[in-house]
Amino acid sequence: MENVATGSYEEILIEDGFYVLKIQNDTDQVTAVGRDIDSTFIQFHFCLKGGAQFHFNQGNYHLEVSEENSLLLYNTQKDLPLNLRVAPNSWLLSVVMTIRKFHSLFSNEADYIPFLSEENREKKYYSQEVLSPATAVVLSQIMNYNLHPSIKALYVKGKMYELISLYFNKTKDADLEQCPFLADEDNVRRIKMAKEIIISRMAEPPTLADLSKEIGLSLKKLKEGFKQIYGDSVYGFLFDYKMEYARKMLETGKHNVNEVGLKVGYSTASHFIASFKKKYGTTPKKYLTSNV
């Protein structure tokens, strides 16, 4: 006979019609977690470790989600209440939001999301996928954050939107089979170190070759890993960071355009002005005067 204990979970309301369940079974037995979820909701379930079974139709049908995999559930015709059997030593994070709320996130991109296409809008849709390294990083951050209670809700809300964005970021060149090294926590740590290095030395950043030597990863792994985790090339990420840093400096009203340009690594004002305009569509001076 199956040994099932009643499990507990933390439920976090993100906003109306959008909430998150953090499910952690750190015991040595299967635990059951249940919650009513009606047909107006879409469900995303992410398994960080261990595994779980979703039971439907009084237990006559079930779907499994295993470690480092996700399960999407969507059925406009039938309620899909949460009836979950969580394996020992398993962690899951579930995102549940109304279909109306979900549509509003992608209102201009509906055709890009497979189950929002015209033929699927009124049908059930189940999908299982392997977690990308970038998604795994965000999930780990959500499960393990240690923040002041006053900013907890804001942090989790931001991470939820980041998580949903990454879930649907099906880039043409993102072949996870080519990047098994990212499953290694040590390599992820090295990629993060690379990000910190280029930020701390943004005025005179190292070459990619020097950066790869400093963090102890091959140039190929650095390039592929950085793109997988941060969604951009090393210098593409650095450019955006520098422009954002410059914009915030200008907003303080304490620095002129030359000072800001030098701070972010431009030896001539003209180069800085051209870069700033490329990013924001206006010159630093015009931006500065608009914020006085």
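The values are calculated or read from the model by the stated rules, or taken from the named source; none is laboratory data. Keep in mind that this is a model prediction, so the values were computed, not measured. Cβ placement follows ideal geometry from the backbone for every residue including glycine, while neighbour counts extend to all protein chains displayed.
Here is how the numbers come out for the structure above:
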read-out	value
Filter result (surrounded by fewer than 15 Cβ atoms within 10 Å (Cβ to Cβ), among the β-branched types (V, I, T) and under 23 Å from P206 (Cα atoms)) within the range 240-288	T268
Which listed residue, of I215, I229, I191, is hydrophobic (A, V, I, L, M, F, W, C), surrounded by 18 or more Cβ atoms within 10 Å (Cβ to Cβ), within 27 Å of L48 (Cβ to Cβ) and modelled with pLDDT under 80	I229
Given (1) of a type in the set (A, V, I, L, M, F, W, C); (2) at pLDDT below 85; (3) more than 17 Å from S127 (Cβ to Cβ), number of the condition F56 does not satisfy	(3)
Residue in the range 48-62 that is of a type in the set (K, R) and under 22 Å from the mean Cα position of the chain (by Cα) present	yes
Among residues of the range 158-186, those that are within 19 Å of H45 (Cβ to Cβ) and at pLDDT 80 or above, counted	10
S107 vs. criteria modelled with pLDDT under 85, within 17 Å of Y167 (Cα to Cα) and not in a helix (DSSP H, G or I)	yes
Filter result (at pLDDT below 90 and among the aliphatic types (A, V, I, L, M)) within the range 262-280	none
Residue, nearest to V137 (Cα to Cα), within the range 8-20, restricted to residues that are part of a strand (DSSP E or B) and in contact (Cβ under 8 Å) with a residue 60 or more places away in the chain	V20
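Here's the yes/no breakdown for (1) closer than 19 Å to Q128 by Cα; (2) modelled with pLDDT of 90 or more; (3) surrounded by fewer than 14 Cβ atoms within 10 Å (Cβ to Cβ); (4) out of contact with any Leu (no Cβ under 6 Å at 6 or more places or on another chain):
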{"position": "E10", "(1), (2), (3), (4)": "no, no, yes, yes"}
{"position": "H45", "(1), (2), (3), (4)": "yes, yes, no, no"}
{"position": "G50", "(1), (2), (3), (4)": "yes, yes, no, yes"}
{"position": "S66", "(1), (2), (3), (4)": "yes, no, no, yes"}
{"position": "W91", "(1), (2), (3), (4)": "yes, yes, no, no"}
